[in-house]
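See below for the structure under consideration.
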Amino acid sequence: MTDPAATGRLLKRAQYRNHRAADRALATVGTTLAQWDALRAISESPGSSAHDLAITTFQSDQAFGTLANRLEAQKLIVRSHGHGRRVEHAITEDGRYVFEAGLKVTRDVNEKSFAGLTGNEVTQLHDLLDRVGEVPE
């Protein structure tokens, strides 16, 4: 049996390589992977709270708040008061432009990242990764 720790490191290495490539490529459209992913999440769920967006983008609430401040300063998103203390997020026209440009870039990066695999292997990898960390009830 393969050492689960070694498998975990391989998974982390693959993620690291993919993220570095995406960050380099996204710099050509004036953004970072963290910023682009936040724009993606806001675009997919306009009106979401900072907490929900933090969960979706795998960040802490504080880290997402800092990121949202930067995106708002760049006029890529707007935030407004929702119900109670809730702050809702929406993407601006400039933000939509950056998101769309980044979408093309990230698709290209991902195609290159998985180019060494067949379509069936990519499907199998997807299915396997979806089960990693799943705890049976």
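The values are calculated or read from the model by the stated rules, or taken from the named source; none is laboratory data. Note that the structure is predicted; figures quoted are calculated from it, not measured. Here Cβ is always computed from backbone atoms with ideal geometry, including for glycine, and neighbour counts include all displayed protein chains.
Listed by position, the helices (runs of 4 or more DSSP H) contained in segment 1-100 that have at least 2 residues being in contact (Cβ under 8 Å) with a residue 60 or more places away in the chain are 4-27, 33-44.
Taken as a whole, segment 116-123 holds at least one residue that is outside any helix (DSSP H, G or I) and farther than 26 Å from residue 5 by Cβ. With respect to (1) surrounded by 12 or more Cβ atoms within 10 Å (Cβ to Cβ); (2) in contact with a helix residue (DSSP H, G or I) (Cβ under 6 Å, 6 or more places away or on another chain); (3) of a type outside the set (A, V, I, L, M, F, W, C), the lone exception for residue 75 is condition (1).
The rows are residues; the columns are (1) hydrophobic (A, V, I, L, M, F, W, C); (2) surrounded by fewer than 17 Cβ atoms within 10 Å (Cβ to Cβ); (3) modelled with pLDDT of 95 or more.
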{"residue": "25", "(1), (2), (3)": "yes, no, yes"}
{"residue": "46", "(1), (2), (3)": "no, yes, no"}
{"residue": "58", "(1), (2), (3)": "yes, yes, yes"}
{"residue": "64", "(1), (2), (3)": "yes, no, yes"}
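Got at least one residue in segment 124-132 being farther than 19 Å from residue 19 by Cα, out of contact with any helix residue (DSSP H, G or I) (no Cβ under 7 Å at 6 or more places or on another chain) and assigned to a strand (DSSP E or B)? No; the residues of segment 124-132 include none that is farther than 19 Å from residue 19 by Cα, out of contact with any helix residue (DSSP H, G or I) (no Cβ under 7 Å at 6 or more places or on another chain) and assigned to a strand (DSSP E or B).
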